[in-house]
1. What trypsin sites (Lys or Arg not before Pro) does the range 45-117 have in DSSP loop regions with at most 15 other beta carbons within 10 Å?
2. Find the all-direction average of the projected area of the Cα convex hull for the range 38-94, expressing the result in square nanometres with one decimal place.
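All of the numbers you see were taken from the coordinates with simple rules; none came from a lab. Only a predicted model underlies this, so the values are computations on that prediction, with no experimental measurement involved. So basically every Cβ, Gly included, is an ideal-geometry build from the backbone, and we count neighbours across all protein chains shown.
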Amino acid sequence: MSVTAIPNATFHADASAPPFVDLSIPVSVLGLPSIDSTIGAVYIGVVIGTALFGLTVHQAYRYFSIYSDDKLYVKLVVRTAQFLRRFKFVLSQTLTAKVMIIIVLETFHSVLWSIVG
């Protein structure tokens with residue numbers, strides 16, 4: 001296993017704590033794309049995730065309508081899994097919507113001020 005060095009990273013060693021990397025490295029040094037150029041990929045992921053979530057809701061509906069005589073603990077496991085999927089779905093949709101709205105508003109603001117000023 002080879003170890004690659006991160007440019008401009010500082011490593012801190014302490015006897016009581018394991019070493020860690022200072023994550024205050026600028027994004028341009030790491031060569032990561034900005035969120036503005038990847039927002040289309042995020043949107044496609046949201047659309048695909050929404051479709052897959054719909055499939056899991058349909059699957060749970062079919063389970064409860066077909067296997068209504070299953071034991072209570074099995075039904076509770078399915079309910080818990082569906083609740084956790086729904087909770088994760090709501091959180092991811094909310095976060096994605098907020099990020100997309102912020103990016104659209106920042107773009108609109110910069111375009112507006114480039115026209116006005």
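1. Details: sites: 62, 71, 75, 79, 85, 86, 88, 98; in loops: 71.
Of the trypsin sites (Lys or Arg not before Pro), the ones in loops of the range 45-117 whose Cβ has at most 15 other Cβ atoms within 10 Å are 71.
2. Details: hull surface 16.0 nm².
Projected over every direction and averaged, the Cα hull of the range 38-94 covers 4.0 nm².
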